[in-house]
Amino acid sequence: GAVVSQHPSRVICKSGTSVKIECRSLDFQATTMFWYRQFPKQSLMLMATSNEGSKATYEQGVEKDKFLINHASLTLSTLTVTSAHPEDSSFYICSAGGQDLLTDTQYFGPGTRLTVL
Amino acid sequence: QKEVEQDPGPLSVPEGAIVSLNCTYSNSAFQYFMWYRQYSRKGPELLMYTYSSGNKEDGRFTAQVDKSSKYISLFIRDSQPSDSATYLCAMGKAAGNKLTFGGGTRVLVKP
């Protein structure tokens, strides 16, 4: 149980375009989802926390107009990187937590590697 | 000073040895403690979860939490080359809240 999927697993785009990444909880209802980015050989950096049906809470220094997060249902959250630039190239990972899980923790998706040319 | 400190390694051990990992933290509000394993270019996988102080064992993995010392540990017995990965400790203050991660320890188990 507690499976989280992400799509796509890898995306390459041109500078200036927008990219949408989906995060789904497959076997539980995710009341809270989190979005992280990770640079090579570094730990996870939390970007934002989203609760179903409400606006996301962004961490300090994260541009909310650039990284649009939508959590429209209990099984789906999306991250849209708007007007992507090469410095946005990174590994983006979502995680999900839910009240119906046995443990009050987060389960991670497999990640999405974004490369902006 | 970071809220959670974790030695980055790499920690190299021979196959079959015990791997010992630990994290220290400064915020006494942390109540939930987790260990994740992350392979290169993959998302973290939950290994162990502990609420408050105590020990927990699951197969070859043992997690220990000492809240009085603000110190948590993960032990891997009979290590295998497939255990080679980065291990992340994580802590939370309340259920459903964001987690604070250590920087990760890279572990290499040599055949």
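Please treat every number below as a calculation from the coordinates, not as lab data. Since the model is a prediction, treat every value here as computed from it, not as a measurement. Heads up, the Cβs are rebuilt from the backbone with ideal geometry, glycines too, and the neighbour counts pull from every protein chain shown.
Numbers below:
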{"read-out": "Distance histogram in 10 Å bins (all Cα pairs of segment B:49-111, percent per bin)", "value": "19, 47, 29, 5, 0"}
{"read-out": "With 5 Å bins from 0: P(r) over the protein assembly as shown, alpha-carbon pairs, percent", "value": "1, 7, 14, 18, 19, 16, 12, 7, 4, 1, 0"}
{"read-out": "Contour excess over end-to-end distance, with Cα ends at A:A72 and A:S9 and 0.36 nm allotted per residue", "value": "20.6 nm"}
{"read-out": "Rg/Rg_globular for chain A, with Rg_globular taken as 2.2 N^0.38 Å and Rg from C-alpha atoms", "value": "1.00"}
{"read-out": "Spatially proximal aspartates and glutamates relative to A:K41 (Cα-Cα < 18 Å; intrachain offsets below 8 disregarded)", "value": "A:E87, A:D88, B:E5, B:D7, B:E45, B:D83"}
{"read-out": "Cα Rg, Dmax, chain B, angstrom units", "value": "13.3, 41"}
{"read-out": "For segment A:26-34, Karplus couplings with θ = phi - 60° (6.51, -1.76, 1.60), whole Hz, Gly/Pro x", "value": "8, 9, 7, 8, 8, 6, 9, 10, 10"}
{"read-out": "Isolated Cys residues of the protein assembly as shown, judged by Cβ distance under 4.7 Å to other cysteines", "value": "A:C13"}
{"read-out": "Amide H partners (placed H, <5 Å) of A:Q29, local residues excluded", "value": "A:D100"}
{"read-out": "Proximal lysine pairs, segment B:1-72, alpha carbons under 22 Å, eight or more residues apart or interchain", "value": "4"}
{"read-out": "Per-residue average of Cβ from other chains inside 10 Å of B:44-50", "value": "4"}
{"read-out": "Karplus-derived 3J(HN,Hα), 6.51/-1.76/1.60, for each residue of segment B:49-65, Hz, glycine and proline x", "value": "9, 9, 9, 6, 7, x, 10, 9, 10, 8, x, 7, 9, 10, 10, 10, 10"}
{"read-out": "Relative exposure of A:T115, A:T32, B:T24, judged by other C-beta atoms within 10 Å (fewest first)", "value": "A:T115, B:T24, A:T32"}
{"read-out": "Phi to ³J(HN,Hα) by Karplus 6.51 cos²θ - 1.76 cosθ + 1.60 over segment B:20-26, Hz, x for Gly, Pro", "value": "10, 10, 8, 9, 10, 9, 10"}
{"read-out": "For A:H71, A:H85, order by how many other beta-carbon atoms lie within 10 Å, fewest first", "value": "A:H85, A:H71"}
{"read-out": "Contact order relative to length of chain B, as percent, for alpha carbon pairs under 8 angstrom and 6 or more apart", "value": "37"}
